[in-house]
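> Pasting a structure here, questions to come.
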Amino acid sequence: MSTHEINLIAQSGPDESASPVTEPDHTGTGRSHVGTVLHAANRWRRTRPLAGCVILALGGWFVVKPVIGSASMTLELGAGAMAGYLLGGGMILAALIALVLPAQRHFPALMATLMSVASLPLANLGGWLIGMILGIIGSGIVFAWTPYTDKQLAKFAARAERRAAARDARRAGRVEAGA
C-alpha cells in the first residue's frame, strides 16, 4: 500500500453507514460508548462485594417485610414492630455501607450477622427464617470477600493487551482488504 493510498483512506473519514452503537468513541480505547460504560460497570463490580451485599440486603428485606404496614398497626405492635424495622433496616444499611466502602466491610458484616441472628426471636422468626438465613450467608460472603491481588490484576492487564493487539490486527486486515 502506497503512502498516497494511506492518505486517501485517512482523509475519507468515518463510514456514515455505520451504526452509532458500534462507532468508536475516539478516546483511544477503540470501544463504543456502550462498551465503555459496560467496561466501567464491570470494573466497578469487580472492586466490590456485590453478591454478598445483594444477598444481605435481600435478607434485610425479608426481615422488614412482615412488619411493613400502616402507622397505626406499627403503634399497636409496639416494640416488636420497631425491632423488625431496626434489625431489617440495619441489615440493609450494612449491605449499603459494605458496597460503598469495601475497605470497611468487616465491621458492617459482623454487625449484620448479629442482627440476622437477633432477628430470629425479635422479628417474626427472622423474616420466616428466610431473612435470617440470607442475612447470615450474605454477611459471611461480604466478610470473606477480598479485592484482587496484584497477580490477578496483572493477568487482567495482559489479557486486555492481547485483546487490543488482536483487535488492531483485525482492523489492519480490514484496511488492507479495503485498499
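The values are calculated or read from the model by the stated rules, or taken from the named source; none is laboratory data. In this text, all values refer to a predicted model and were calculated from it rather than measured experimentally. Here the Cβ is made from the backbone with ideal geometry for all residues, glycine too, and neighbour counts use every protein chain on show. Just so you know, the surface numbers come from the protein's heavy atoms only, side chains and all, with ligands and any DNA or RNA stripped out. Shrake-Rupley method; radii C 1.70, N 1.55, O 1.52, S 1.80 Å.
> Quick one: is residue 155 in a helix (DSSP H, G or I), out of contact with any His (no Cβ under 6 Å at 6 or more places or on another chain), closer than 22 Å to residue 31 by Cβ and open to solvent by 70 Å² or more (accessible area, probe 1.4 Å)?
For residue 155, the condition - in a helix (DSSP H, G or I), out of contact with any His (no Cβ under 6 Å at 6 or more places or on another chain), closer than 22 Å to residue 31 by Cβ and open to solvent by 70 Å² or more (accessible area, probe 1.4 Å) - is met.
> Can you tell me which of 141, 133 is in contact (Cβ under 8 Å) with a residue 60 or more places away in the chain, touching a Ser or Thr at 6+ places or on another chain (Cβ under 9 Å) and assigned to a helix (DSSP H, G or I)?
Being in contact (Cβ under 8 Å) with a residue 60 or more places away in the chain, touching a Ser or Thr at 6+ places or on another chain (Cβ under 9 Å) and assigned to a helix (DSSP H, G or I) holds for just one of 141, 133, which is 133.
> A further question follows. Can you tell me which residue is modelled with the highest pLDDT among those in segment 55-72 that are more than 24 Å from the chain's Cα centre (by Cα) and open to solvent by 10 Å² or more (accessible area, probe 1.4 Å)? If you could, list the steps in order and put the result at the bottom.
Let us first name the residues in segment 55-72 that are more than 24 Å from the chain's Cα centre (by Cα), namely 65-72.
The next check asks that each one be open to solvent by 10 Å² or more (accessible area, probe 1.4 Å); those that pass are 65-66, 68-72.
Values: 65: 90, 66: 85, 68: 84, 69: 77, 70: 72, 71: 75, 72: 78.
The extreme case among them is 65.
> A further question on this structure: Only one residue in 91, 82, 132 is under 19 Å from residue 144 (Cβ atoms) and either open to solvent by 20 Å² or more (accessible area, probe 1.4 Å) or not hydrophobic (A, V, I, L, M, F, W, C) (or both). Which one?
132
> A follow-up question, please. Which of the residues belonging to segment 65-109 are within 21 Å of residue 47 (Cα to Cα) and among the β-branched types (Val, Ile, Thr)?
Matches in segment 65-109: 92, 97, 100.
> Further, regarding this structure: Which of the residues spanning segment 74-85 are free of Cβ contacts under 8 Å to residues at least 40 places away in the same chain, under 19 Å from residue 119 (Cβ atoms) and either in a helix (DSSP H, G or I) or in contact with a strand residue (DSSP E or B) (Cβ under 6 Å, 6 or more places away or on another chain) (or both)?
Answer for segment 74-85, where residues must be free of Cβ contacts under 8 Å to residues at least 40 places away in the same chain, under 19 Å from residue 119 (Cβ atoms) and either in a helix (DSSP H, G or I) or in contact with a strand residue (DSSP E or B) (Cβ under 6 Å, 6 or more places away or on another chain) (or both): 74, 77, 79, 81, 82, 85.
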